[in-house]
Amino acid sequence: MEAVPYDKRNGKIWFNGQVIDWKDAKLHVLTHGLHYGSCVFEGERVYNGEIFKLREHTDRLIYSAHRMGFKIPYTADEIDTACNEIIKIQKVKNGYVRPVAWRGSEMMAISAQKNTIHFAIATWEWGSYFDPKIKENGIALNISKWKKPAPDTIPWDTKAAGLYMINTLSKHEAEKDGFNDSMMLDSDGYVAEATGANVFFIDENKKEIHTPIPDCFLDGITRRTIMEIAKDKGFNIIERKMNLDELNNFDACFLTGTAAEVTPVSQIGDYKFKVTPTIGELFDKYLEIVNRT
Ligand code: PMP
């Protein structure tokens, strides 16, 4: 069955301070956020009717806007209240929340100093990001030809729309070649992250988990949660620069992200990984925590 397109669904969307019909949540074609990427957003998950780490997401959203040089015209408390209001109206029990802020259309040029900042929140019931059947045996990643921009070239520590241009290019190229996702390297050629998730590598014998330092990509909220869980389980977490050619030294690999949750990886290019029980144990604990809050 074809999924209903996102602009054709029923329900309500929180839009500039009002709850409006889903189908009416529209923008003008001359919107700065669309043409020049002056747009920031969040991705949050609802578990058992509660948004996991909502305030952390809201703080990151406000920070992303600040880094892009604009201010969302709502406080963190107001944003949290609005997110909670719209999940109740939509009756979302286990789903996704997408707050988004963008520059409007008063000025249509690179400079947009006077543009109104708009803010909307949409939410819907949602399951697994990757197909559960594929996820079980680990997903396959190619290695992207697109590098993450160097940290002095873009506000890299944000969820800004413009940063996703190369991620979509990478993911499309991966899918065209039969992969599920793409591993992106940084501008020096070190392992960075997948197109919408952070990456970890497990050395089962040494009880070590290695992960790249988030110095040119998002330090995910899920990433930090999983690092805490893994530490509690007695793993030594090592954040460092990681080369592709050392990936053979690891038994297992997994991705973390709000959407991806904990997703085992079976392959990155020619590097192969097993789906070890550790990944399942970390995911089980993660599910226990997210469902408790
Ligand atoms: N990197 C990118 C590019 C992402 O889109 C995401 C998802 N927000 C992440 C990492 C993981 O972040 P989080 O765990 O906060 O969802």
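Any residue in region 205-224 that is within 17 Å of ALA140 (Cβ to Cβ), part of a helix (DSSP H, G or I) and either within 16 Å of the ligand (Cβ to nearest atom) or of a type outside the set (A, V, I, L, M) (or both)?
Looking through region 205-224, none of the residues is within 17 Å of ALA140 (Cβ to Cβ), part of a helix (DSSP H, G or I) and either within 16 Å of the ligand (Cβ to nearest atom) or of a type outside the set (A, V, I, L, M) (or both).
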Identify the single condition in (1) in contact (Cβ under 8 Å) with a residue 60 or more places away in the chain; (2) under 18 Å from the mean Cα position of the chain (by Cα); (3) in a strand (DSSP E or B) that PHE200 does not satisfy, given that it satisfies every other one.
(1)
Check ILE72, ILE51 and return the single one that is modelled with pLDDT of 95 or more, within 16 Å of the ligand (Cβ to nearest atom) and β-branched (Val, Ile, Thr).
ILE51
Qualifying residue in region 260-272 (condition: crowded, with 20+ Cβ neighbours inside 10 Å and in a loop (DSSP other than H, G, I, E, B))
yes
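Scan region 4-20 and give yes if some residue there is open to solvent by less than 90 Å² (accessible area, probe 1.4 Å), within 16 Å of the ligand (Cβ to nearest atom) and out of contact with any strand residue (DSSP E or B) (no Cβ under 7 Å at 6 or more places or on another chain), otherwise no.
no
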Given the criteria of a type outside the set (Asp, Glu), under 29 Å from ASP59 (Cβ atoms), away from the ligand (no atom under 13 Å from the Cβ) and crowded, with 19+ Cβ neighbours inside 10 Å, does MET183 qualify?
no
Quick one: is LEU244 more than 20 Å from PHE52 (Cβ to Cβ) and not hydroxyl-bearing (Ser, Thr, Tyr)?
yes
Does any residue of region 241-254 turn out to be away from the ligand (no atom under 16 Å from the Cβ), assigned to a loop (DSSP other than H, G, I, E, B) and touching a helix residue (DSSP H, G or I) at 6+ places or on another chain (Cβ under 8 Å)?
no
Enumerate the pairs (first residue in region 113-135 and closer than 20 Å to ASN16 by Cβ; second residue anywhere and exposed (fewer than 12 other Cβ atoms within 10 Å of the Cβ)) with beta-carbon separation below 7 Å, excluding pairs fewer than 6 apart on the same chain, so at least 6 apart or on different chains.
ILE117/LYS71
Members of region 204-216 found to be open to solvent by 20 Å² or more (accessible area, probe 1.4 Å) and touching a helix residue (DSSP H, G or I) at 6+ places or on another chain (Cβ under 8 Å), listed by number
GLU204, PRO214
Report whether or not THR123 is among the polar types (S, T, N, Q) and either on the phi > 0 side of the Ramachandran plot or in contact with a Ser or Thr (Cβ under 8 Å, 6 or more places away or on another chain) (or both).
no
Does region 161-180 contain at least one residue that is surrounded by 19 or more Cβ atoms within 10 Å (Cβ to Cβ), at pLDDT 95 or above, in a strand (DSSP E or B) and within 19 Å of the chain's Cα centre (by Cα)?
no
So, in region 61-96, of the ones that are free of Cβ contacts under 8 Å to residues at least 60 places away in the same chain, open to solvent by 50 Å² or more (accessible area, probe 1.4 Å) and among the β-branched types (Val, Ile, Thr), which residue ends up nearest to TRP124 (Cα to Cα)?
THR81
Taking ILE166 and the conditions (1) of a type in the set (A, V, I, L, M); (2) in contact (Cβ under 8 Å) with a residue 40 or more places away in the chain; (3) within 11 Å of the ligand (Cβ to nearest atom), which numbered condition does it fall short on, given that it satisfies the others?
(2)
Residue list for region 245-260, filter: over 12 Å from VAL199 (Cβ atoms) and in contact with a strand residue (DSSP E or B) (Cβ under 8 Å, 6 or more places away or on another chain):
ASN248, ASN249, ASP251, THR258, ALA259
Residue check for GLY104: open to solvent by 40 Å² or more (accessible area, probe 1.4 Å) and either of a type in the set (Val, Ile, Thr) or at pLDDT 95 or above (or both):
no
Determine if region 117-132 includes at least one residue that is within 13 Å of the ligand (Cβ to nearest atom), in a strand (DSSP E or B) and in contact with a Leu (Cβ under 9 Å, 6 or more places away or on another chain).
no
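The values are calculated or read from the model by the stated rules, or taken from the named source; none is laboratory data. In this text the structure is predicted, and so the values were computed from the model without any measurement. Counting neighbours? That spans all protein chains shown, and the Cβs are built from the backbone with ideal geometry, glycine included. Surface accessibility is based on the protein's heavy atoms, side chains included, excluding ligands, DNA and RNA. Shrake-Rupley method; radii C 1.70, N 1.55, O 1.52, S 1.80 Å.
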